[in-house]
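Computed from the coordinates by the stated procedures, all read-outs in this text should not be read as laboratory data. Since we're looking at a predicted model, the values are computed, not measured. Glycine also receives a Cβ, built like all others from the backbone with ideal geometry; neighbour counts cover every protein chain displayed.
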Amino acid sequence: MPHLIKAYVRIVDRISDYVGYLAASLIFVMVATLLLDAVTRNVLNIPIHWAIEFTQFTLAAYYFMGGPITLKNNEHVRMDLWYANMSDRGKARLDLVTVWCMIFYLGVMLFGSISSLQYAIETDEKRFSMWNPSVIPIKALLTVCLVLMLFQAFALVFKHIATLRGERL
C-alpha cells in the first residue's frame with residue numbers, strides 16, 4: 001500500500017482511539033451527575049432539574065463518540081454464523097461488501113445530520129423542558145462523529161484491500 005494510505009489509516013485510527021477514550025471517560029461524568037441528583041433530591045430535598053436531561057445528552061455523546069473506535073477495533077455486532085469459519089481473505093471480501101453498505105448509510109445519516117444542524121442553528125432550537133437546553137452542541141457532535149466514522153470506514157476499506165493483497169496495515 002502507498003505510504004499516503006498507510007499514514008491516513010494510522011492517523012484516523014489514532015484519532016478514533018483518542019475520541020473513544022474520551023467517550024469512555026463520559027461514564028464518570030454520567031455517574032457523578034446522577035449521584036449528585038440523587039443526593040440533592042433525596043438528602044437535601046433540592047431537586048436538580050437539569051441532571052437527568054444532562055445525563056441523557058452525555059449518553060448520546062457517549063455512543064456517538066464510541067462509534068469510530070468500535071469500527072476500528074472490530075467490536076461491532078456481527079452475525080458470526082458463517083463469518084467465524086471464513087478465512088482472513090474471505091472475511092476481507094465480505095467486509096468489503098458490507099463496509100460499502102455502511103458508507104452509504106453513514107453518508108445518508110451525515111446528510112440528515114447536516115440538515116438538522118443547519119435547522120437547529122437557524123432557529124436556535126432548544127429542547128422543550130424545564131432546563132430548556134440548546135440542541136446545537138449535541139447535533140454538531142453527531143455531525144462530527146459521523147464524519148469521523150466515515151473516515152474510519154474508508155480506513156477499513158484500505159485495511160480490507162491490504163488483507164486481500166496479502167499485506168498488513
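For region 133-142, the Karplus equation 6.51 cos²θ - 1.76 cosθ + 1.60, evaluated at θ = phi - 60°, returns couplings of x, 6, 9, 4, x, 6, 6, 5, 4, 4 Hz by residue, with Gly and Pro reported as x. In this label model, Leu35 and Ile114 are separated by 4.2 nm, measuring between points 7 Å along each Cα→Cβ vector.
Full-extension gain between Asn74 and Phe154, please, as 0.36 nm times their residue separation minus the C-alpha to C-alpha distance.
Numbers: separation 80, 0.36 × 80 = 28.80 nm, distance 1.38 nm.
The span from Asn74 to Phe154 would gain 27.4 nm if fully extended.
Considering only the other residues whose Cβ falls under 15 Å of the Cβ of Leu94, what net charge follows from Lys and Arg at +1 and Asp and Glu at -1? Could you put the intermediate results ahead of the total?
On the way: positive: Arg78, Arg89, Lys91, Arg93, Lys159; negative: Asp80, Asp88, Asp95.
Its environment carries a net charge of +2.
Backbone geometry of region 153-164 corresponds, through the Karplus equation with coefficients 6.51, -1.76 and 1.60 at θ = phi - 60°, to 3J(HN,Hα) couplings of 5, 5, 5, 5, 4, 5, 5, 5, 5, 4, 4, 5 Hz, x marking Gly and Pro. Among the lysines of the chain, pairs at least eight places apart or on separate chains and with Cα atoms under 20 Å apart come to 6. When only alpha carbons are used to place a centre, region 2-54 and region 99-118 end up 23 Å from one another. Local charge sum around Tyr83 (other residues, Cβ-Cβ under 15 Å, Lys/Arg +1, Asp/Glu -1)? So the surrounding residues net to 0.
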